[in-house]
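Everything on this sheet refers to the single structure shown next.
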Amino acid sequence: MSLTPGLQLPFGIQPVNPVPVDAWSGPYSAATAQDAISIANAAITAAIRFQSMEVRLIIANVSHKYWYRDGVANSDLVEFSSQSSSSSSAVITELVLNETPSGSIDGINFTFYLESTPESSNTVMLWLNGQLLTKTSDYSVTEKEIVISGFVPSVGDVLLAMYSKEVIVKRFAINETVSFVNSSGSLSLSIENIPNPVSSLMLFRNGQLLTQDSDFYVTENKISILNSAIELDDVFLSTYSFN
């Protein structure tokens, strides 16, 4: 293997620097997250930055790791999260037990609906008054729809179903620091991931829980505050579920 020309040492070097060798990585200290981010962006010029570059910030004497996640613009410097929003979601199979399919049992109706789409129609089992029915000869399944054949359930009959379905395992962000985004002089907020469901997002401003659609609204992972201006010394934290 050919070596790149340069100084070759037959022994290692043990640094004894009291500060990081890579001075661009910080740490940059300030009382608020926005001030620390501004200081870091001012010190690290665009020519030095690269996507995925890590930066250390000390905010109100608490250490944080940030990085230029999506590019090298000032707004791309966000707090590092070990779970990326672009990673695949885990899918597992969940067994649904003792579900009552929707539909009228009136001696006329023979079409019923499951609450969820089965993983496979072969997993669907159907009981009428405690008796297991036979698929194909007694009923058929198409996605959520069950069609009874050969007879019609009468008033007072009890229809129960069991089947498996696929569910996405949700992940959770707890007390995630919300990033400030400065766009044309206007401040907005950004979180690491897209909440799912959107209603799961709990946003705290200086310790106060805000009300979604009244105090703020959400578009993907962007947050807009309503009825009041964002102050640079505000502390925003978020808790939410995501895929």
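Once amide H atoms are built 1.01 Å from N in the peptide plane, which residues 5 or more positions from A60, or in another chain, come under 5 Å H to H?
Amide H neighbours of A60, under 5 Å, 5+ apart: A30, A31, T32.
Determine the dipole magnitude for the chain: charges of +1 sit on the beta-carbon of Lys and Arg, -1 on that of Asp and Glu, nothing else is charged, the reference point is the Cα centre, and the result goes in debye to the nearest 20.
Taking the Cα centre of the chain as origin, the dipole is about 640 debye.
Using the scaling law 2.2 N^0.38 Å as the reference, what is the normalised Cα Rg of segment 138-187?
Against the empirical 2.2 N^0.38 Å value, I get 2.56 for segment 138-187.
Give me the percent of Cα-Cα pairs in segment 186-243 that sit more than 19 Å apart, rounded to a whole number.
I get 19 percent for the Cα pairs in segment 186-243 exceeding 19 Å.
State to the nearest 20 debye the size of the charge dipole of segment 91-168 about its Cα centre, where the only charges are +1 on K and R beta carbons and -1 on D and E beta carbons.
Roughly 140 debye, rounded to the nearest 20.
According to a simple spin-label model (label point 7 Å from Cα along Cα-to-Cβ), what is the distance in nm between F151 and T219?
Going from the T219 label point to the F151 one covers 5.8 nm.
Net charge near E166, counting Lys/Arg +1 and Asp/Glu -1 over other residues with Cβ under 11 Å of its Cβ?
My count for the surroundings of E166 gives -1.
Count the net charge of all other residues whose Cβ sits under 13 Å from the Cβ of I146, scoring Lys and Arg as +1 and Asp and Glu as -1.
-3
Show log10 I(q)/I(0) for segment 21-80 at q = 0.26, 0.30 Å⁻¹, two decimals, from a solvent-free Debye sum over equal Cα scatterers.
Listed by q, the Debye log ratios stand at -1.07, -1.39.
How large is the helix-only mean residue ellipticity at 222 nm for the chain, computed as the sum of -39500 (n - 2.57) over DSSP H runs with n ≥ 4, divided by its residue count, in deg cm²/dmol to the nearest 500?
Mean residue ellipticity at 222 nm (helix-derived): -1500 deg cm²/dmol.
Any chance you could run the full-extension gain for L160 through S241? It's 0.36 nm times the residue separation minus the Cα-Cα distance, nm to one decimal.
26.0 nm
Estimate the FRET efficiency between N61 and R171 by the formula 1/(1 + (r/R0)^6), using the beta-carbon distance for r and 35 Å for R0, to the nearest 0.05.
Calculated transfer efficiency: 0.75.
Taking the Cα atoms of segment 35-148, what is the range of coordinates along each of the three principal axes, in descending order and whole Å?
Extents along the principal axes, in whole Å: 77, 28, 21.
Please report, in debye to the nearest 20, how large the charge dipole of segment 170-243 is about its Cα centre when each Lys and Arg carries +1 at its beta carbon and each Asp and Glu carries -1 there.
260
Answer with one residue from Y139, V55, P101: the one whose Cα lies farthest towards the positive end of the charge dipole of the chain, charges on Cβ with Lys, Arg +1 and Asp, Glu -1.
V55
Taking the 0 to 90 degree range and rounding to the nearest ten, how far is the long axis of helix 33-43 tilted relative to the main principal axis of the chain, both from C-alpha atoms?
Once rounded, one gets 50 degrees.
Go ahead and set up a Gaussian network model of the chain, Cα springs under 10 Å, then flag whichever of V198, V78, V178 fluctuates most.
V198
Whole-Hz Karplus ³J(HN,Hα) for segment 44-50, in order, using 6.51 cos²θ - 1.76 cosθ + 1.60 and θ = phi - 60°, x for Gly and Pro?
With coefficients 6.51, -1.76 and 1.60, one gets 9, 6, 4, 5, 8, 5, 8 Hz.
Multiply the residue separation of T45 and F80 by 0.36 nm, subtract the distance between their alpha-carbon atoms, and state the gained length in nm to one decimal.
In short, 10.6 nm is gained.
In terms of the ratio Rg/(2.2 N^0.38 Å) built on C-alpha atoms, what value belongs to the chain?
Output field value: 1.59.
Once the Cα atoms of segment 122-205 are picked out, what are the Rg and Dmax in Å?
24.2, 70
Over segment 91-168, how many percent of alpha carbon pairs lie in each 5 Å bin up to the one with the longest distance?
Pair shares across the bins are 3, 16, 30, 27, 14, 6, 3, 1.
Each reported figure results from applying straightforward, stated rules to the coordinates on display, with no laboratory input. Quick caveat, the model's predicted, so the values are computed rather than measured. A quick note on method: Cβ atoms are made from the backbone with ideal geometry, for glycine too, and the neighbour counts reach across all protein chains shown.
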